[in-house]
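Colleague: Below you'll find the structure I mean.
The values are calculated or read from the model by the stated rules, or taken from the named source; none is laboratory data. All of these numbers come straight from a predicted model, not from anything done at the bench. Note: ideal-geometry Cβ built from the backbone for every residue, glycine included; neighbour counts use all protein chains shown.
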Amino acid sequence: MGKERKKKKKKPSKSNKGKQNGEQNQLEGEEYTIEEQVTVDENTNGHNEAPKDVNQETIKNYSVEDFLQKIEDFMDTFNYELAQKFCERALEIDSNHLELLETAGAVFLETGETEKAKKCLEHAVELSPENGHTKYMYLGQILQGQEAVQAFTKGIDIMVKTLDSNQEGATSADSVNPTEISTAYCSLAEIYMTDECFDSEAESKCFQFCQKAIEYDSSNPDAYQVMANCLLSQEKVEEARSVLKKGLDLWLGKDEEVQQVPMPAYESRFTTAKLVLELGDFELAESVLQTLLDENDEDYQVWYLLGWMYHLSGQDNTSKKICLEKAQKIINKCEVTDEDIMKHIEELLSEASCDDQIMDDDDDAEDDDEDDMET
């Protein structure tokens, strides 16, 4: 164990990307000011038309709640740049508004403004340390090592207390469900496979958090995936295979007696595909990778993994070349600078060409032998 922990980011589907691009509310590349944007939204119903009479007073009358509604609308269409502008203006009105601070923290994370996100979220913690788990979940993504552990742990404590209170009939403004707690435990387990992998108790803590994740939501595929990864890191291959299969059966529907759950997020399925491939189940890996292609067929990493799968299985040299060449084409088109994968693709394609040449030579030799026999 010793990988770098990567921050997960929601990836819009192809349809959402189109929706996002279609609602940028810009006129032929010209960005509106925040005041003009409000007027465009209200006077043109969101269509990309030029504002005729920009009412500079409209924005001045906005309350924080009005801004929050606009921010939510922009987030729904993945328009985080405009959401950020509205967050910044709203914070000028009230920098102590808890919901605004948490929302701004989330928006700043999406736009890569990590320090701004951290500042908002830490201020939210100062204002209300014992209520509301969301800010701690976001901070856990930003912070590293034990600071991240502390953030996730605090968030989990709040969620567990809230869930227990709700089950006892008490009401709470902080809505919580078991899946959220399960997912938070997954995040804790991942920290002990990455940032804190050298901790003397890393393996036991990781396994403990994985168990908690499954305990709180046994229908969460991510919990089984993280547990499988944990077991693999401990070289418990067969146990990892069994656990991963349980998680996959939840959403791939291999077991008709098990009710299917919603398909996991794109990044989660990508990680699952790599784990299944590592375990040598090529047919299952192909099934998982196909779900990713169905969602986004321009992801060079998926095509690369498919090519690598065909290489490892040693069964289909043609499909291997098609997948690797597709990955190479996307890399060149998008000007990706993933040197390790690019080098590996070139090596695999070179090897595939050599294999084809050997097969051609063998076929020619067989033809020659048949001709000799006929004569």
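Colleague: So which residues in the stretch 289-301 are farther than 17 Å from Lys320 by Cα and surrounded by 15 or more Cβ atoms within 10 Å (Cβ to Cβ)?
Modeller: Residues satisfying the conditions are Thr291, Leu292, Glu295.
Colleague: For the list (1) in contact with a Ser or Thr (Cβ under 8 Å, 6 or more places away or on another chain); (2) under 25 Å from Glu351 (Cβ atoms); (3) of a type in the set (A, V, I, L, M), I need the number of the one condition that Leu252 fails.
Modeller: Here Leu252 clears every test but (2).
Colleague: Of all residues in the stretch 138-157 being surrounded by fewer than 22 Cβ atoms within 10 Å (Cβ to Cβ) and of a type in the set (A, V, I, L, M), which is farthest from Val107 (Cα to Cα)?
Modeller: That would be Val149.
Colleague: Since Glu147 meets every condition but one in (1) touching a residue at least 40 places away in the same chain (Cβ under 8 Å); (2) of a type in the set (Asp, Glu); (3) more than 18 Å from Ala213 (Cβ to Cβ), which condition does it not meet?
Modeller: Checking Glu147 against (1) touching a residue at least 40 places away in the same chain (Cβ under 8 Å); (2) of a type in the set (Asp, Glu); (3) more than 18 Å from Ala213 (Cβ to Cβ), the one that fails is (1).
Residue-wise test of (1) small (Gly, Ala, Ser); (2) at positive phi; (3) out of contact with any strand residue (DSSP E or B) (no Cβ under 7 Å at 6 or more places or on another chain); (4) modelled with pLDDT of 95 or more.
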position: Ala173; (1), (2), (3), (4): yes, no, yes, no
position: Tyr185; (1), (2), (3), (4): no, no, yes, yes
position: Ala189; (1), (2), (3), (4): yes, no, yes, yes
position: Cys206; (1), (2), (3), (4): no, no, yes, yes
position: Val226; (1), (2), (3), (4): no, no, yes, yes
position: Leu232; (1), (2), (3), (4): no, no, yes, yes
position: Glu238; (1), (2), (3), (4): no, no, yes, yes
position: Asp249; (1), (2), (3), (4): no, no, yes, no
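Colleague: Kindly provide the set of residues from the stretch 306-337 that are within 27 Å of Leu250 (Cα to Cα), crowded, with 18+ Cβ neighbours inside 10 Å and either without any contact (Cβ under 8 Å) to a residue 24 or more places away in the chain or in contact with a helix residue (DSSP H, G or I) (Cβ under 6 Å, 6 or more places away or on another chain) (or both), ordered by number.
Modeller: Leu306, Gly307, Met309, Tyr310 - these are the residues of the stretch 306-337 that are within 27 Å of Leu250 (Cα to Cα), crowded, with 18+ Cβ neighbours inside 10 Å and either without any contact (Cβ under 8 Å) to a residue 24 or more places away in the chain or in contact with a helix residue (DSSP H, G or I) (Cβ under 6 Å, 6 or more places away or on another chain) (or both).
Colleague: Give just the number: which of (1) among the β-branched types (Val, Ile, Thr); (2) closer than 27 Å to Glu147 by Cβ; (3) in contact with a helix residue (DSSP H, G or I) (Cβ under 6 Å, 6 or more places away or on another chain) does Val243 not satisfy?
Modeller: Here Val243 clears every test but (2).
Colleague: Is it true that Ala151 is out of contact with any His (no Cβ under 6 Å at 6 or more places or on another chain), within 22 Å of Glu65 (Cβ to Cβ) and not aromatic (Phe, Trp, Tyr)?
Modeller: The answer is no for Ala151.
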